[in-house]
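Visitor: Sharing a structure below in structure tokens format, with a few things to ask.
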Amino acid sequence: MNATYKSCMSNLHICKANCCKNGVWVDAEEAKRIQAEVLKRDSLADLHDKVLWSEEDEDTDYFPTGKGVGTNPQSPEGPCIFLGSDYKCRIYEVRPHFCADYPFMHPLAESTKPVMIDNMFEEDKNCIYHKLLSATLKSIEEEREADAKEAAAKTP
């Protein structure tokens, strides 16, 4: 178990898994894989007759198959259907790639460079990613400024 995950688990009573409140988008093929795993597990029997996926979206830049689906919320207000009452992911071993990479992910299907995408909790001191998010945003801004200076220096 990595240190970040361990720290995240020990903070759940404070942050109450805010990052999981709205669910996530996954590639349609990944959704099929996750659903098959859910149906295999007796410990998830309460999910076997539930609709696990909500709306669909077509996006060839974002999803490798060009089609994605969102995890269904437990109620209209959320949280993600896979979030347990103990604020832990019930499908952690087969969780979506988005969740595994959080707060980073690959913005394009063919991209290999992870970028920060979720600064929603940047100001939330209860989130263990607070410092990481702040540092990443600063780094991204510094990189943009350096690129702009380099481009300006090359322009006659």
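The values are calculated or read from the model by the stated rules, or taken from the named source; none is laboratory data. Only a predicted model underlies this, so the values are computations on that prediction, with no experimental measurement involved. Here the Cβ positions follow ideal geometry from the backbone for every residue, glycine too, while neighbour counts run over all protein chains shown.
Visitor: Residue 65 - would you say it is closer than 24 Å to residue 29 by Cβ, polar (S, T, N, Q) and either modelled with pLDDT of 90 or more or surrounded by fewer than 17 Cβ atoms within 10 Å (Cβ to Cβ) (or both)?
Guide: yes
Visitor: Starting from residues that are among the polar types (S, T, N, Q) and closer than 18 Å to residue 71 by Cα, keep the ones in segment 8-42 and report whichever is modelled with the highest pLDDT.
Guide: Looking at the filtered set, the residue picked out is 35.
Visitor: Is it the case that segment 87-96 has a residue that's surrounded by fewer than 17 Cβ atoms within 10 Å (Cβ to Cβ), free of Cβ contacts under 8 Å to residues at least 12 places away in the same chain, of a type outside the set (A, V, I, L, M) and not in a helix (DSSP H, G or I)?
Guide: No, segment 87-96 contains no residue that is surrounded by fewer than 17 Cβ atoms within 10 Å (Cβ to Cβ), free of Cβ contacts under 8 Å to residues at least 12 places away in the same chain, of a type outside the set (A, V, I, L, M) and not in a helix (DSSP H, G or I).
Visitor: Kindly indicate whether any position in segment 46-60 is under 19 Å from the mean Cα position of the chain (by Cα) and farther than 16 Å from residue 96 by Cβ.
Guide: Yes, there is a match, as at least one residue in segment 46-60 is under 19 Å from the mean Cα position of the chain (by Cα) and farther than 16 Å from residue 96 by Cβ.
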